[in-house]
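The values are calculated or read from the model by the stated rules, or taken from the named source; none is laboratory data. The structure displayed is predicted, hence computed values, not measured ones. With ideal geometry, Cβ positions are generated from the backbone for all residues, glycine too; neighbour counts draw on all protein chains shown. Surface accessibility is based on the protein's heavy atoms, side chains included, excluding ligands, DNA and RNA. Shrake-Rupley method; radii C 1.70, N 1.55, O 1.52, S 1.80 Å.
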Amino acid sequence: MSSKPSAVPSVTVQASADVLYDLVSDITRTGQWSPVCTSCWWDDEDIAGEVGAWFTGRNELPDRSWETRSQVVAADRGREFAWAVGGSFVRWGYLLTPTAAGTTLTETWEFLPAGIAMFEEKYGDTASAQITDRTRQALDGIPKTFTAIKQIAESTAASEEARTTAGFSPTPM
């Protein structure tokens, strides 16, 4: 059994790549946009957001709830933020591409070989069906995630622009 990377249609967000990166890389805000992950927290605040940092996420569906630990595998401000669930089972990520209209945001999701092997060991003959179901759930949730991230990012960008236009600096002098 193999898995290829899954990329969903991208969305254009009227915000800079840096503003959007700062939002999606703040895993403590994930519960604001994820239809499944209700909260996340850094396991070690001193290295939060850096490649190698671990965080824990709380996930909830009507029939079950669970926590996962994930490790940041890409942290390139304004370009990409990604993590691997369990360190090697599933890779989630956000790709950011600046455009004239703002930033194109693409969310990626891929079962990794260690994740496929873990499902085969755990679920035996039903592993393929389990992997198909988890893949469907993940990909079905991404449009909801896009809608929420777009709304939050564009609201944040508009607020910062209004403050700057009014003569207020978003950062202290």
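Quick grid of which residues meet (1) in a helix (DSSP H, G or I); (2) modelled with pLDDT of 95 or more; (3) farther than 25 Å from Thr12 by Cα; (4) out of contact with any Pro (no Cβ under 7 Å at 6 or more places or on another chain):
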site	(1), (2), (3), (4)
Gly52	no, yes, yes, yes
Thr56	no, yes, yes, yes
Arg69	no, yes, yes, yes
Arg91	no, yes, no, yes
Leu105	no, yes, no, yes
Ser128	yes, yes, yes, yes
Ile142	yes, no, no, yes
Glu154	yes, no, no, yes
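Within the stretch 19-43, the set of residues being open to solvent by 30 Å² or more (accessible area, probe 1.4 Å), assigned to a loop (DSSP other than H, G, I, E, B) and in contact with a strand residue (DSSP E or B) (Cβ under 8 Å, 6 or more places away or on another chain) comprises Val36, Asp43. Just one of the listed residues (Pro98, Pro170) is assigned to a loop (DSSP other than H, G, I, E, B) and either modelled with pLDDT under 95 or more than 20 Å from Val51 (Cα to Cα) (or both), and it is Pro170.
Inside the stretch 56-76, can you point out the residues that are within 20 Å of Leu95 (Cα to Cα) and either open to solvent by 30 Å² or more (accessible area, probe 1.4 Å) or of a type outside the set (Val, Ile, Thr) (or both)?
In the first step, residues of the stretch 56-76 are kept if they are within 20 Å of Leu95 (Cα to Cα); the result is 70-76.
Correct list: Ser70, Gln71, Val73, Ala74, Ala75, Asp76.
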